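The structure under discussion appears below in the form of structure tokens.
The values are calculated or read from the model by the stated rules, or taken from the named source; none is laboratory data. All of these numbers come straight from a predicted model, not from anything done at the bench. Every residue, glycine among them, receives a Cβ derived from its backbone with ideal geometry; neighbour counts consider all protein chains shown. Ligands, DNA and RNA are excluded from the accessible area calculation, which covers all protein heavy atoms including side chains. Shrake-Rupley method; radii C 1.70, N 1.55, O 1.52, S 1.80 Å.
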Amino acid sequence: KHKKKNLYSKNKFKKIKIGIVSNINPDKNLLFFVKVAKYILKKNSNFEFFIFGKVWENQKKYYNIILSEISSEKKIKIIQNETDPDKIYKKFDIYFCSSKYESSPLSVWEAMNYKKIIFSSSVGDVPLYLKNNFNGFLFKKYNVEQVSKKLIKLTKKTYDMNKISNAAYNTAIFNFN
């Protein structure tokens with residue numbers, strides 16, 4: 001049902017779009033996502049980053065911290081009013097989960113269903129279903145430089161992205177249908 005865009009044309013590096021779907025709160029560790037985005041954008045401008053999520057009244061302070069971090073970055077966008085999964089998941093190539101605490105993150109399973117390449121913290125049930133270089137990629141430490149370099153390496157055609165995104169889709173269908 002969902003067609004996967006190649007992250008690469010034959011000889012030309014294309015813009016890579018990385019997204020996260022999450023309510024704006026510290027448990028989701030969005031500040032880490034923003035710091036990774038800023039690190040990557042300093043090295044390579046062919047990236048865009050998206051945060052899709054609602055801001056609750058009790059999280060305005062955290063939201064303002066994130067806004068101050070991205071104020072000068074036009075390639076990091078927060079989109080609050082989009083709730084249609086078809087529209088959300090079509091906006092990016094790689095799904096990034098930076099959560100500190102989760103049991104079974106629905107947005108990861110949704111992204112797999114949309115054939116997105118998953119790049120996730122090793123949180124909750126994610127390590128049970130996500131296997132490095134097979135259907136996604138895990139990171140265990142919240143080290144901005146280390147995670148950023150791993151993500152950049154991922155986008156340099158080191159892996160067969162279509163094979164990985166198809167494996168992610170099959171994992172979602174088999175385990176969460």
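Identify all residues within the stretch 123-155 that are farther than 18 Å from Ala172 by Cβ and free of Cβ contacts under 8 Å to residues at least 40 places away in the same chain; write none if there are none.
In the first step, residues of the stretch 123-155 are kept if they are farther than 18 Å from Ala172 by Cβ; the result is 139-155.
Phe139, Lys140, Lys141, Asn143, Gln146, Lys149, Lys150, Lys153, listed by residue number.
Could you check the stretch 107-139 and list, in sequence order, the residues that are assigned to a loop (DSSP other than H, G, I, E, B) and among the acidic types (Asp, Glu)? So that I can check it myself, show each step before the final result.
At the first step, the residues of the stretch 107-139 found to be assigned to a loop (DSSP other than H, G, I, E, B) are 114-116, 122-125, 130-131, 133-135.
Hit for the stretch 107-139 is Asp125, nothing else.
So which residues in the stretch 50-80 are under 18 Å from Cys97 (Cα atoms), of a type in the set (D, E, K, R) and assigned to a helix (DSSP H, G or I)?
none
Is it the case, given these coordinates, that Ile65 is open to solvent by 60 Å² or more (accessible area, probe 1.4 Å) and under 22 Å from Tyr142 (Cα atoms)? Steps first, answer last, please.
Details: open to solvent by 60 Å² or more (accessible area, probe 1.4 Å): yes; under 22 Å from Tyr142 (Cα atoms): yes.
It is true that Ile65 is open to solvent by 60 Å² or more (accessible area, probe 1.4 Å) and under 22 Å from Tyr142 (Cα atoms).
Here are some conditions: (1) more than 14 Å from Cys97 (Cβ to Cβ); (2) at pLDDT 90 or above; (3) surrounded by 16 or more Cβ atoms within 10 Å (Cβ to Cβ). Ile173 meets all but one. Which one does it not meet?
(3) is the only condition that Ile173 fails.
Within the stretch 37-53, work out how many residues are farther than 25 Å from Thr83 by Cα and not polar (S, T, N, Q). So that I can check it myself, show each step before the final result.
Of the stretch 37-53, the ones farther than 25 Å from Thr83 by Cα are 38-46.
Narrowing the set further to residues that are not polar (S, T, N, Q) leaves 38-43.
The qualifying residues number 6.
Scanning for something more than 21 Å from Phe176 (Cα to Cα), modelled with pLDDT of 90 or more and in a helix (DSSP H, G or I), does the stretch 89-106 turn up at least one residue?
no
State whether the residues of the stretch 77-97 include one that is crowded, with 18+ Cβ neighbours inside 10 Å and among the hydroxyl-bearing types (Ser, Thr, Tyr).
yes
Within the stretch 141-162, is even one residue among the small types (Gly, Ala, Ser) and touching a strand residue (DSSP E or B) at 6+ places or on another chain (Cβ under 6 Å)? Spell out the reasoning first.
Start the filter on the stretch 141-162 by keeping residues that are among the small types (Gly, Ala, Ser), which leaves 148.
Going one step further and asking which of them are touching a strand residue (DSSP E or B) at 6+ places or on another chain (Cβ under 6 Å), we end up with none.
Scanning the stretch 141-162, I find no residue that is among the small types (Gly, Ala, Ser) and touching a strand residue (DSSP E or B) at 6+ places or on another chain (Cβ under 6 Å), so the answer is no.
Pairs, please: C-beta under 6 Å, at least 6 apart or cross-chain, first residue closer than 12 Å to Phe137 by Cα and in the stretch 104-122, second among the basic types (Lys, Arg)?
Pairs found: Ser122/Lys140.
Which residues, taken from the stretch 18-40, are open to solvent by 20 Å² or more (accessible area, probe 1.4 Å), in contact with an Asp or Glu (Cβ under 7 Å, 6 or more places away or on another chain) and free of Cβ contacts under 8 Å to residues at least 60 places away in the same chain?
Leu31, Lys38
Among all residue pairs at least 6 apart or on different chains, which show Cβ distances below 9 Å where the first residue, located in the stretch 55-76, is touching a residue at least 40 places away in the same chain (Cβ under 8 Å) and the second is part of a loop (DSSP other than H, G, I, E, B)?
Ile66/Ile24
Just one of Val144, Val108 is within 13 Å of the chain's Cα centre (by Cα), open to solvent by less than 80 Å² (accessible area, probe 1.4 Å) and closer than 18 Å to Gly19 by Cα; which is it?
Residue meeting the stated conditions: Val108.
Output the residues belonging to the stretch 41-62 that are open to solvent by less than 60 Å² (accessible area, probe 1.4 Å) and out of contact with any strand residue (DSSP E or B) (no Cβ under 7 Å at 6 or more places or on another chain).
Asn44, Val55, Gln59, Tyr62
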